[in-house]
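The values are calculated or read from the model by the stated rules, or taken from the named source; none is laboratory data. Computed from a prediction, not measured in an experiment: that's the story for all the values here. No Cβ is skipped: glycine too gets one built from the backbone with ideal geometry, and neighbour counts run over all protein chains shown.
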Amino acid sequence: MGGSDDDFDDFLKRRKPVFRSPDDMFEPPAELDRVVLRRAREAIESERPLRVFRNPRWATPVALAATLSSNYGIYNGFELLEHQPIPGREEYLDSEKYEIKVRDWDRPDNIKPYIRDLNRARRENTALQQTSQLRFLPIDDGNVIGFVKESVDQTNTVAVAIALSREVHEFWLPLGDVQLGTGSDRRHVAAVENLITGERYPVEWGGIRLRIDPVRDPAYLFRCLA
């Protein structure tokens, strides 16, 4: 537990790409999605306050935990970016193990709004509340993880893409093999809705091109629509 930013950077440099798309995977040219992406960015920047993470290492693990797991927890102070370790031990200094800790929960640079948005998305989407229907997607960027979760009753499907490193990522999220609906009435994904911003984007050519800037937000959460 704990560690410096340099330790985290070293870890990212040493890790091997987790997911690779097949060499023969079809992907439409980037020009098809550029207009949609530009309009989406303009809408986000004009209608929604800019969220900036001074250190994305905090947002990335909580996004992974909140979306991959059926339940998750954080230690007190995580939302305030507390991470000072006890020297030589895998334990945080401010773990409240031997003290009653009084905190200013509204101090600057906290990630409470981000955790709130993730928890709201979890409450509103039963697909994120289970792990039995989890499928990973082949992403052509080894530092981006993509997956789809479907609720047990097949009424809710969520696609997620999360950056695992700090640089900006542009990649193709393949959704052509994802089907929605119950029983024999299964259909392909026609559009996705951003669970955080509410914007909707059409799915054409079997997927959507995305751009993740981890300083803005390391994760995309989409509700899939038929």
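Scanning segment 92-131 for residues that are exposed (fewer than 11 other Cβ atoms within 10 Å of the Cβ), assigned to a loop (DSSP other than H, G, I, E, B) and either at pLDDT 95 or above or touching a strand residue (DSSP E or B) at 6+ places or on another chain (Cβ under 9 Å) (or both) yields a count of 0.
The selection criterion, being at pLDDT 95 or above, surrounded by fewer than 17 Cβ atoms within 10 Å (Cβ to Cβ), on the phi < 0 side of the Ramachandran plot and small (Gly, Ala, Ser), does not hold for ALA219. Scanning segment 117-134 for residues that are more than 21 Å from THR197 (Cα to Cα) and either under 15 Å from the mean Cα position of the chain (by Cα) or among the hydrophobic types (A, V, I, L, M, F, W, C) (or both) yields a single hit, LEU134.
Residues in segment 125-160 that are of a type in the set (Gly, Ala, Ser) and touching a residue at least 40 places away in the same chain (Cβ under 8 Å): GLY142, GLY146, ALA159.
The set of residues in segment 200-226 that are part of a loop (DSSP other than H, G, I, E, B) and either β-branched (Val, Ile, Thr) or within 24 Å of ASN119 (Cβ to Cβ) (or both) comprises VAL203, ASP213, PRO214, VAL215, ARG216, ASP217, PRO218.
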